[in-house]
Amino acid sequence: MKKKFSAVIAVIFAVSAALYAQTTEQGKQDALFLYNSGRFEEAIKICQKEIEQNPNRVDSYVVMCWSLVRSRQYAEAELRANAGLLVSPYDLRLIEILGEARFYLGKNNGAMEQFQKYIAAAPENGARVGTAYYFMGELYVRKARYLHADIALSAAVRKEPLLERWWVRLGYAREMAKNYRGSLSAYDEALRLNPSSADAQNGRTRVASLLQ
């Protein structure tokens, strides 16, 4: 009788554990779904609850930080990303998103450090490699290091060639570096992707007048 009772208890515990794991996984999916749906505040609240239940849940830190950056809560994103990196120091997602938070906070050197770490460790096809190069390019523009900006933004558009805004910024970096023919080429590509881009058209007009 005791053996049967023990077996029943074991089954109950196994089912409970399975249900808990399923619920936990569903919570992660819900937070990611909300993030992908643009419902950032809701995603943040779910992630906060998940972290309260388990402070070592790295995925919750990641989705929370993504949501915080998208909702422009950059200081909180920096704080949470640092907390997540204490749990998982080599998580590339947290390394990259910490760079974004610091970029928007104007912490140029700290942001650059994070993006360089990400690029150094991420595979060539890493999900945010192009984005990291783009932000590095913008940081170099801030520092008026336009040749470096050209290199970084060129790498960004090689990774993701369909983003018109990135081509505009590449055109601007080359324009500032007085590489006018390269700048014209970048502005032309931006206009090919989006013929109504005022920034690309204005940039092209400026550069074309310098080449006459």
Averaged per residue, what accessible surface does the chain expose to a 1.4 Å probe, in Å²?
57 Å²
C-alpha long axis of helix 146-159 to longest principal axis of the chain, angle in °
50 degrees
Radius of gyration, Dmax [the chain; alpha carbons; angstrom]
23.0, 97
Quick check: net charge around R142, other residues with Cβ under 13 Å of its Cβ, Lys/Arg +1 and Asp/Glu -1?
+4
Any chymotrypsin sites (Phe, Trp or Tyr not before Pro) in the range 86-123 that lie in a DSSP loop and have at most 11 other Cβ atoms within 10 Å would be Y90
For the chain, give the percent of accessible area contributed by carbon and sulfur heavy atoms, probe 1.4 Å, rounded to a whole number.
56 percent
Compute the angle between helix 2-36 and the longest alpha-carbon principal axis of the chain, please, reported from 0 to 90 degrees and rounded to the nearest 10.
20 degrees
Which of rounded, prolate or oblate describes the range 127-200 when judged by the alpha-carbon gyration tensor and an a/c cut-off of 1.5?
oblate
Sorting check: for 183-189, 173-179, which peptide has the highest mean count of neighbouring beta carbons within 10 Å, and how do the rest follow?
183-189, 173-179
Overall form of the range 96-166 per C-alpha gyration tensor (a/c, 1.5; a/b vs b/c)
oblate
Using 0.36 nm times the number of residues separating Y90 and A75, minus their current alpha carbon distance, what extension gain do you get?
3.3 nm
Mind counting lysine pairs for me in the chain? Cα separation below 18 Å, and the two need to be 8 or more apart along the chain or on different chains.
6
What is the magnitude of the charge dipole of the range 57-130 about its Cα centre, with +1 placed on the Cβ of each Lys and Arg, -1 on the Cβ of each Asp and Glu, and no other charges, expressed in debye to the nearest 20?
160 debye
R39 to M176: extension gain in nm, 0.36 nm per residue of separation minus the Cα-Cα distance?
45.5 nm
Taking the 0 to 90 degree range and rounding to the nearest ten, how far is the long axis of helix 74-87 tilted relative to the main principal axis of the chain, both from C-alpha atoms?
50 degrees
Quick one: length gained pulling A121 to A144 fully straight, 0.36 nm per residue minus the C-alpha distance?
5.6 nm
Check each of the GluC sites (Glu not before Pro) in the range 44-103 and keep only those in coil by DSSP with at most 11 other C-beta atoms within 10 angstrom; list them in order.
none
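The values are calculated or read from the model by the stated rules, or taken from the named source; none is laboratory data. Keep in mind that what you see is a predicted model, and the values were worked out from it rather than measured. Positions of Cβ are generated from backbone atoms using ideal geometry, with glycine treated the same way; all protein chains shown enter the neighbour counts. Note: accessible area is taken over every heavy atom of the protein model, side chains too, but ligands, DNA and RNA are not part of it. Shrake-Rupley method; radii C 1.70, N 1.55, O 1.52, S 1.80 Å.
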